[in-house]
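**Student:** Handing you a structure now.
The values are calculated or read from the model by the stated rules, or taken from the named source; none is laboratory data. Model, not experiment: these values are computed from the prediction. Don't worry about glycine lacking a Cβ; one is built from the backbone with ideal geometry, like all the others, and counts go over all protein chains shown.
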Amino acid sequence: MPENGKAFGLIAEFETAADVLHAAESVRNAGFRRWDVFTPFPVHGMDKAMGMKNSKVGWFSFLGGVTGYTSGMLMIWWMNAVDYRLVIGGKPMFSPFGAFPPSYELTILLGAFGALFGMLFLNRLPRLHHPLLKHRRFSSVTHDRFFVVIETADPKYSETETRKLLEQAGSRHIELVEE
Amino acid sequence: MAEAVTSLKLQAPPAELEREPLVANRRSFGWISDQVSALVEGKTPRWWWIAFVPSFLALCMLGAMLTYQISTGVGVWGNNHPVMWGWDIINFVWWIGIGHAGTLISAILFLLRQRWRTAVNRAAEAMTIFAVMCAGIYPAMHVGRVWYDWFLLPVPTSNGAWPQFRSPLMWDVFAVSTYFTVSVLFWYVGLIPDLAVIRDRAKTKLRKFLYGLFALGWTGSNRHWSNYEKAYLILAGLATPLVLSVHSIVSLDFAVSQLPGWHTTIFPPYFVAGAVYSGFGMVLTLLVPLRKWCKLEDIITMRHIDLMCKVTLATGSIVGYAYFMEYFIAWYSGNPYERFTFFMRLFGPYWYGGWAMLMFNAFVPQLFWFKKCRTNLVVVFIISILVNVGMWFERFVIVVGSLYREFLPTNWGFYTPTWVDVCTYIGTFGLFLTCFLLFMRFLPMIAISEVKGVTPQADPHHPLGGAKTGGHH
């Protein structure tokens, strides 16, 4: 590996889902914090193997939904009963029943935007430059390979020890990734 | 104890009880990427051009028809007193109904853990989006003075008035626009990992840049997958009540009025079942030939076709039940106007519409009870087309069949579509097919990462996934 660039981390390649799952378990048990697993599809049980907590996307979606429903109801009440009063069939100026369908749709609309933008925010995407995306072998992550990456920024990182750990986990291909 | 359990070898189940795998011929991850990406990367096949040229010409005709309609007036259509809703509303309901199968496949089957959906969901969602685009044209044009369409939106205008939110037509604006937006979001979220697949395979700079831009820098990180899967689950959970609401609200456009044939409480569930039914018809019409032309038989297997036929059968039977109920209630209500309308459906001047809808929607799908029919692709293809013909006639019967003979005989009349109606309808097929063909040429039409996820080698507890000991731990 050329020494001119700063190292981003160690990348270890695995060939099967079971191998990478077990490797993740041993990296988790070793107490690393700044590391990640890269897979072509979500591997079942990986969140547990990495010791991750439940995703927080739901809160963003919930906030979006609440905003959608309240703004829908308030908008319709203000428009049809306050700002420009419309008498329709002699009925009350505002009825939550008539206002429900549009508010319901707005709940779903903003809830969906909340889920999308919440996911992108939590993942810090879009991020079009990433050290891994420049790495030669990493492009097979979307094809059929599995990777474990431990960043140099991790307090427990040491080039020899970490490499040994990944070797013990069963990786036959370990490289240093440039920043 | 555990030792004793692992040492006992269980007998393999008999061959006839083995489930057919979702991806046939034990295809590898790499094969799935290669096979699906080949459509996006390879040379344009000749059949694609043969399909594209007439589709694009039809799209141009749509443009010409709409220009003619806008510049001349809504009178170029056959709509006139008493049938003020003609082919425009029929086709609006027809197209938006077709869209519903895409959302059913992508959202409801996802929540129900039907793993077979992964092979067809991308194409079905694309179908949804393009069908909703075709549908949206009609109400926008139907208002006559198209340049006032923006009055439908709750934006400040110089006359100081706001939209009237008690009208189901206003609810429709919100339902259809939300449906379109959420369908696009859902589709795009599903596409992100697959755009990364194409990005990583790209040979030219331009492709790498464009696919990379829309892949948003996806790396396949598990910390990302975790949020991604949660977002996908939530989107599925939101799209499910949404799709049920959209056609319910479309049906309320009719049911809220006082007209016999429209004023029924059965309409919302009846419309939703019919929508899903017609959508599955369209999915089968598209995928039965495409799986062959695109060499995707190992991904969209005969089992997938079989399952889709069964959904068609189930929803077709619900539609048949709804027809029966409508007739029963019309008779049981004792209301002479109601009885008259339903009598005229089968024995009036438009008798052919009533019989076509009964035959094609209630009886033809019953053929799918037979395995011989579900496994014969020619039969499946023909039935899938009849489904959509039947569903078109259903909307014809509901719209025209209820309007042309209402309470007062002085209000009776007939409806004939003009050539502009016909050409506009053909034109929407042009829009639909042009969009669909461009989609399948430039975007992966199979959800690559999802299909990889349902193969046995994706399961870390399966021997093919690299598990040293069998069974779950």
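Okay, residues lined up against (1) crowded, with 17+ Cβ neighbours inside 10 Å; (2) of a type in the set (Asp, Glu):
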| residue | (1), (2) |
| --- | --- |
| A:SER139 | yes, no |
| A:VAL149 | yes, no |
| A:ALA153 | no, no |
| A:LYS156 | no, no |
| A:THR160 | no, no |
| A:ARG163 | yes, no |
| A:GLU179 | no, yes |
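**Student:** Here's something else I'd like to know. Exactly one condition in (1) free of Cβ contacts under 8 Å to residues at least 24 places away in the same chain; (2) away from every other protein chain (no Cβ under 14 Å) is not met by B:LEU290; state its number.
**Tutor:** If we test B:LEU290 against (1) free of Cβ contacts under 8 Å to residues at least 24 places away in the same chain; (2) away from every other protein chain (no Cβ under 14 Å), just (1) comes out false.
**Student:** Being of a type in the set (A, V, I, L, M, F, W, C) and within 9 Å of chain A (Cβ to nearest Cβ) is the filter; apply it to the range B:227-244 and report the residue that is surrounded by the fewest Cβ atoms within 10 Å (Cβ to Cβ).
**Tutor:** Restricting to residues being of a type in the set (A, V, I, L, M, F, W, C) and within 9 Å of chain A (Cβ to nearest Cβ), the top hit is B:LEU233.
**Student:** Something else: Return yes or no: is B:GLY212 modelled with pLDDT under 95, part of a loop (DSSP other than H, G, I, E, B) and more than 25 Å from the chain's Cα centre (by Cα)?
**Tutor:** So B:GLY212 fails the test.
**Student:** So if I check each of B:LEU346, B:LEU287, B:LEU296, which one is part of a helix (DSSP H, G or I) and buried (at least 19 other Cβ atoms within 10 Å of the Cβ)?
**Tutor:** Result of the check over B:LEU346, B:LEU287, B:LEU296: B:LEU287.
**Student:** Confirm whether B:VAL389 is of a type in the set (A, V, I, L, M), assigned to a helix (DSSP H, G or I) and either surrounded by fewer than 21 Cβ atoms within 10 Å (Cβ to Cβ) or in contact with a Leu (Cβ under 9 Å, 6 or more places away or on another chain) (or both).
**Tutor:** Taking the combined requirement at face value, the residue satisfies it.
**Student:** Considering the range B:169-183 alone, what residues qualify as being surrounded by fewer than 21 Cβ atoms within 10 Å (Cβ to Cβ) and closer than 16 Å to A:GLY111 by Cα?
**Tutor:** Within the range B:169-183, B:SER177, B:PHE180, B:THR181 meet the criteria.
**Student:** Wholly within the range A:1-108, which helices (runs of 4 or more DSSP H) include no fewer than the required count, namely at least 3 residues that are at the interface with chain B (Cβ under 10 Å from one of its Cβ atoms) and farther than 24 Å from B:GLY237 by Cα?
**Tutor:** A:17-29, A:57-77
**Student:** Starting from the range A:76-100, take each residue that is farther than 20 Å from B:VAL173 by Cα and list its partners that are assigned to a helix (DSSP H, G or I), counting only C-beta distances under 8 angstrom and pairs at least six apart or across chains.
**Tutor:** Correct list of pairs: A:MET93/A:ASN80; A:MET93/A:ALA81.
**Student:** Tell me, which residue of the range A:116-131 that is buried (at least 21 other Cβ atoms within 10 Å of the Cβ) and in contact (Cβ under 8 Å) with a residue 12 or more places away in the chain is farthest from the other protein chains (Cβ to nearest Cβ)?
**Tutor:** Taking the candidates together, the pick is A:GLY118.
Conditions tested, residue by residue: (1) at pLDDT 90 or above; (2) closer than 21 Å to B:VAL288 by Cβ; (3) within 14 Å of chain A (Cβ to nearest Cβ); (4) over 30 Å from the mean Cα position of the chain (by Cα).
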site: B:PHE393; (1), (2), (3), (4): yes, no, no, no
site: B:GLU406; (1), (2), (3), (4): no, no, no, yes
site: B:PRO444; (1), (2), (3), (4): yes, yes, yes, no
site: B:LYS468; (1), (2), (3), (4): no, no, yes, yes
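**Student:** Sticking with this one: Hey, can you tell me all the residues within the range A:111-152 that are aromatic (Phe, Trp, Tyr) and more than 22 Å from A:SER26 (Cα to Cα)?
**Tutor:** If the condition is that a residue be aromatic (Phe, Trp, Tyr) and more than 22 Å from A:SER26 (Cα to Cα), then A:PHE113, A:PHE117, A:PHE121 are the ones that fit.
**Student:** When you scan the range B:28-137 for helices (runs of 4 or more DSSP H) that lie fully inside it, which ones turn up with 3 or more residues that are away from chain A (no Cβ under 14 Å) and closer than 27 Å to B:MET357 by Cβ?
**Tutor:** By residue number, B:46-72, B:87-103.
**Student:** Quick test of your reading of the structure: B:PHE363 fulfils all but one of (1) surrounded by 18 or more Cβ atoms within 10 Å (Cβ to Cβ); (2) part of a helix (DSSP H, G or I). Name the failing condition by number.
**Tutor:** All conditions pass for B:PHE363, except number (1).
**Student:** What are the residues in the range B:166-221 that are more than 10 Å from chain A (Cβ to nearest Cβ) and of a type in the set (Ser, Thr, Tyr), if any?
**Tutor:** Passing the criteria: B:THR204, B:TYR211.
**Student:** Does B:TYR425 satisfy the criteria of being in contact (Cβ under 8 Å) with a residue 40 or more places away in the chain and either part of a loop (DSSP other than H, G, I, E, B) or of a type in the set (Gly, Ala, Ser) (or both)?
**Tutor:** Answer is no for this residue.
**Student:** Being part of a helix (DSSP H, G or I), crowded, with 19+ Cβ neighbours inside 10 Å and more than 10 Å from chain A (Cβ to nearest Cβ) narrows it down to one residue among B:HIS247, B:HIS224; which is it?
**Tutor:** Values: B:HIS224 fails: more than 10 Å from chain A (Cβ to nearest Cβ).
Being part of a helix (DSSP H, G or I), crowded, with 19+ Cβ neighbours inside 10 Å and more than 10 Å from chain A (Cβ to nearest Cβ) holds for just one of B:HIS247, B:HIS224, which is B:HIS247.
Okay, residues lined up against (1) more than 30 Å from B:GLY274 (Cβ to Cβ); (2) among the aromatic types (Phe, Trp, Tyr); (3) free of Cβ contacts under 8 Å to residues at least 40 places away in the same chain:
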position	(1), (2), (3)
B:LEU185	no, no, no
B:LEU191	no, no, no
B:ARG199	yes, no, yes
B:LEU210	yes, no, yes
B:GLY217	yes, no, yes
B:TRP225	yes, yes, yes
B:LEU238	no, no, no
B:VAL243	no, no, no
B:VAL246	no, no, no
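**Student:** Moving to a separate point now. What's the number of the condition A:ILE108 fails, among (1) surrounded by fewer than 22 Cβ atoms within 10 Å (Cβ to Cβ); (2) touching a residue at least 40 places away in the same chain (Cβ under 8 Å); (3) within 30 Å of B:LEU252 (Cβ to Cβ)?
**Tutor:** Going through (1) surrounded by fewer than 22 Cβ atoms within 10 Å (Cβ to Cβ); (2) touching a residue at least 40 places away in the same chain (Cβ under 8 Å); (3) within 30 Å of B:LEU252 (Cβ to Cβ) one by one, A:ILE108 breaks only (1).
**Student:** Against the condition outside any helix (DSSP H, G or I) and buried (at least 21 other Cβ atoms within 10 Å of the Cβ), how does B:THR219 come out, does it pass?
**Tutor:** yes
**Student:** Now, a different point. Given the residues B:THR410, B:THR416, which is the only one that is polar (S, T, N, Q) and outside any helix (DSSP H, G or I)?
**Tutor:** B:THR416
**Student:** Pairs please, first residue from the range B:86-102 and small (Gly, Ala, Ser), second anywhere and assigned to a loop (DSSP other than H, G, I, E, B), Cβ atoms under 7 Å, 6+ apart in sequence or on different chains.
**Tutor:** B:GLY86/B:TRP77; B:GLY86/B:GLY78; B:GLY86/B:ASN79; B:GLY86/B:TYR415; B:GLY86/B:PRO417
**Student:** Same structure again: In the list A:PHE138, A:PHE113, which residue meets the criterion of being of a type in the set (A, V, I, L, M, F, W, C), closer than 30 Å to B:PRO456 by Cα and either part of a helix (DSSP H, G or I) or touching a residue at least 40 places away in the same chain (Cβ under 8 Å) (or both)?
**Tutor:** A:PHE138
**Student:** Quick one: would you say B:PRO456 is over 30 Å from B:PHE267 (Cβ atoms) and surrounded by fewer than 22 Cβ atoms within 10 Å (Cβ to Cβ)?
**Tutor:** yes
**Student:** A follow-up question, please. Restricting to the range A:80-105, count the residues that are of a type outside the set (A, V, I, L, M, F, W, C) and surrounded by fewer than 17 Cβ atoms within 10 Å (Cβ to Cβ).
**Tutor:** Qualifying residue count for the region: 9.
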